[in-house]
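Here the structure is laid out as structure tokens; the discussion comes afterwards.
The values are calculated or read from the model by the stated rules, or taken from the named source; none is laboratory data. Note that the structure is a prediction, hence the values are computed from the model and not measured. Quick reminder, even Gly has a Cβ in these numbers, built from the backbone with ideal geometry, and neighbours come from all protein chains shown.
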Amino acid sequence: MPRRNTPLFPSSLAAAAILITAPLTAQQTAPPQDPEPRAQKQEELPEILVIGRTEDDGVPEVPIGWFGSRDVFGPEQIRQTGARDLNDLVQYLPAASTRPYNGGEASAPSFSMRGLPDDGLTEYLNVLIDGVPASPLPYGWTAFSFLPLTTERVYAMDYMRGGHTVRYSPNTVGGVLNFLTQPIPNGSSLDFRSTLGSNDYSSTLLSYGQTLDDFGYVATYVDRRGDGYRENGGFDQQDFNLKLRWQLGDENWLATSFSHMEDEHMAPGGLTLAQFNRNPFGNARPENLFDGFRSVADVVYHDGGEDAWVEGYGYLSQSGRHLRAQRPHFGAATTISDWDDESFFGAVGMRGLYETEFAGMEHEIYYGARYHRDWIPSWKLRSEPYPGGASTLTQDAEFAVNTVSLHVDDTFHPTDELLVNLGARVEWIPSTDGEDSVGGWKFEDQYFDVLPAVGASYELADNWALFGNYAEGFRAPQVWGYAYTTKPKNTLKFEKGRSMELGSRWEGGSGFSGSVTGWRVDYDDFGVFYSGFYENLGKITATGADLVVEWDAGAVTPSLEGFSLLSSYTVQDSELKSGPNAGNETPYAWEHKAAWMARYQADNGWYTALGGTYVGESFSDDANTAQVNANGNLGVNPGRTIWDARIAKLTEINDQIELELALGATNIADETWFVHSRGGFFGGGQVAGPPQQFYFSAAMSVRF
């Protein structure tokens, strides 16, 4: 099928394109410093951060010699976006996009990375919260019914791609996205923030923490609610987290964390074309509802310093979900489908690092082992006549998967300029099984694979390096699909992918820093639910390039002090390589995407930010249907350009108290935009994106 002739930038961005040439994700790279022996630079390579961090640790800085693309979005950038939803926030990352799926996006965001399949469920990305999986089941159910983290608790974002993802699994072909939450303070701190906005949006954050001698803690509570921008689209969330850390010696500590989140939100689903034309923010399924919770506890014991250390860790998660949805999805409802499930996952493991000398070179050996278990003791579906009547049990299922993972990688310098990393991950699933005593389906399967990875960087100068990497990853068949497949239950294939990168990173003169990366993803046997049943469709190949740049204008002239530009641009081509629609574009895989932000911070505490995103058009199905159908779930998803703005005043009341007042708006041009959603439990159709919305926030920080 002929490719769409999509412009590099929409016309509304033409004026900005000259100034904005790289990412809002700001690489957080430090300014050039005095040269140091390159052997020491190995110690700077940052890891995915977990609990136990203190305020002194800050956020990772991506060194020039890092051998994969990685972007860290720090606390300053997080605050200045003014993002109220995680969809708004993640949109600023390079190669990342988000989209509305069922009208409940304030609670259930959807992330898509690097041209991989996107059915609105965030299934091809390893999403972590302080290093712990965010999915209800990391192996068997990666999709979010709700993301167990409020936007207000996000302290920083760390998005890693490339060879180093061998340390994490599964679902790493699209990368690893780690949401960092507030670290434990050095002294004593009290933080309060309240936000009010359009559509009765309100959120309140209260956090208190302190460190006393060898013991530190921080407790955070968020209440977040609103009516949503759709009719009957309200949401209500409570999010609590407690972190504790004991310093047991000079080089060993124990940290633990407990989180609990409760969520209730309406999920209007999509609209038919006629319904959308009458009211794009209407709700044809007012009975659709989700409510649930997630509790998670994790613990880390650390022993050792920079040159050698070992950690033991464990985590346990419980999620409960209750969903109600009208049936049929289109037309007058005749039944209500009622869903209840309880999902658990737990793991115990160890990881460590030690240095040794071999063949005349210093080697950093990073290693780890983990036992992980997913299980669902109860997942029931009932059908109820609408508007009332006795219910019928249609499913009573249970599921379990046991996994053993081993990984090791070696980082070394063959020469002063060249850094090499070689590694591999073993994934063994000795058993995955499930059954439904009502529906009658039963399955069992197993899996074993060795997933290699290699990365390298070459420093051309202290402020310029080349890098490249190759890594493999996989994804297990999803438990929700076993009841909806036309194939024998043990023939659904494990999906496997390979990612490759070649790029360059620099910290240059005139205040510029950034990276450019060319990449390719090959993905086999991807599983989808496009046609009403679960199936492996075949192979996808996606190629693209990311440009990421930050400019500190004050480095050019003192008259521009406080002014900076951050931006990213991604071009990609994602194509179905097999199956009945081989040669077509991958659904929801746009060709062009950009993100940008211009910031100015004055000496008197005033600062402003003007930013936005552009996402190009895409198809909504693998047949690349161009004409919108009557149900609104097929057709071309138009491109969109969304601008955001924020102005704030930071005032130091005294040496201990800071007060910030801010006014902002999202989609300031009030652009009407939409996508065609394929469906899911709550029903597909044409789904509107958020309109223009305003907010006001007040924040106070007290340091004792």
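Table for the structure above
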{"item": "Residues of the stretch 56-78 satisfying the condition of being outside any loop (DSSP other than H, G, I, E, B), surrounded by fewer than 22 Cβ atoms within 10 Å (Cβ to Cβ) and touching a strand residue (DSSP E or B) at 6+ places or on another chain (Cβ under 8 Å)", "result": "75, 78"}
{"item": "Residue satisfying condition, being part of a strand (DSSP E or B), over 23 Å from residue 539 (Cβ atoms) and in contact (Cβ under 8 Å) with a residue 24 or more places away in the chain, within set 483, 465, 453", "result": "465"}
{"item": "Residue among 396, 416 that is charged (D, E, K, R) and either assigned to a strand (DSSP E or B) or closer than 19 Å to residue 171 by Cβ (or both)", "result": "396"}
{"item": "Subset of the stretch 648-704 that is under 30 Å from residue 145 (Cα atoms) and among the β-branched types (Val, Ile, Thr) - its residue that is surrounded by the fewest Cβ atoms within 10 Å (Cβ to Cβ)", "result": "672"}
{"item": "Selected residue [modelled with pLDDT of 95 or more and within 29 Å of residue 544 (Cβ to Cβ)] from 579, 639", "result": "639"}
{"item": "Count of the stretch 586-640 residues which are more than 26 Å from residue 670 (Cα to Cα) and without any contact (Cβ under 8 Å) to a residue 12 or more places away in the chain", "result": "2"}
{"item": "Filter pass, residue 438 being in a loop (DSSP other than H, G, I, E, B), out of contact with any Gly (no Cβ under 7 Å at 6 or more places or on another chain) and surrounded by fewer than 20 Cβ atoms within 10 Å (Cβ to Cβ)", "result": "yes"}
{"item": "Residues satisfying the stated conditions in the stretch 491-520, i.e. under 15 Å from residue 551 (Cα atoms) and outside any strand (DSSP E or B)", "result": "508, 509, 510, 511"}
{"item": "Any hit, the stretch 314-325, residues being among the aromatic types (Phe, Trp, Tyr), in contact with a Gly (Cβ under 6 Å, 6 or more places away or on another chain) and surrounded by 19 or more Cβ atoms within 10 Å (Cβ to Cβ)", "result": "no"}
{"item": "Residues of the stretch 206-221 classified as more than 13 Å from residue 242 (Cβ to Cβ), without any contact (Cβ under 8 Å) to a residue 60 or more places away in the chain and buried (at least 16 other Cβ atoms within 10 Å of the Cβ), total", "result": "0"}
{"item": "Cβ pairs under 6 Å, 6+ apart, first in the stretch 89-105 and at positive phi, second hydroxyl-bearing (Ser, Thr, Tyr) and surrounded by 24 or more Cβ atoms within 10 Å (Cβ to Cβ)", "result": "95/570"}
{"item": "Tally, over the stretch 553-585, of residues that are part of a strand (DSSP E or B) and closer than 27 Å to residue 501 by Cα", "result": "13"}
{"item": "Qualifying positions in the stretch 441-475 - surrounded by fewer than 18 Cβ atoms within 10 Å (Cβ to Cβ), within 15 Å of residue 401 (Cα to Cα) and not acidic (Asp, Glu)", "result": "442, 446, 448"}
{"item": "Pair list, Cβ < 7 Å and 6+ apart or interchain, from the stretch 131-153 residues that are within 24 Å of residue 53 (Cβ to Cβ) to residues that are in a loop (DSSP other than H, G, I, E, B) and acidic (Asp, Glu)", "result": "151/85"}
{"item": "Pairs with Cβ under 6 Å, 6+ apart, first in the stretch 402-431 and within 14 Å of residue 469 (Cα to Cα), second hydroxyl-bearing (Ser, Thr, Tyr) and part of a strand (DSSP E or B)", "result": "409/366; 418/458; 419/457; 421/411"}
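One line per residue, one yes/no per condition, for (1) β-branched (Val, Ile, Thr); (2) over 17 Å from residue 173 (Cα atoms):
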| site | (1), (2) |
| --- | --- |
| 426 | yes, no |
| 430 | no, yes |
| 444 | no, yes |
| 453 | no, no |
| 469 | no, no |
| 484 | no, yes |
| 497 | no, no |
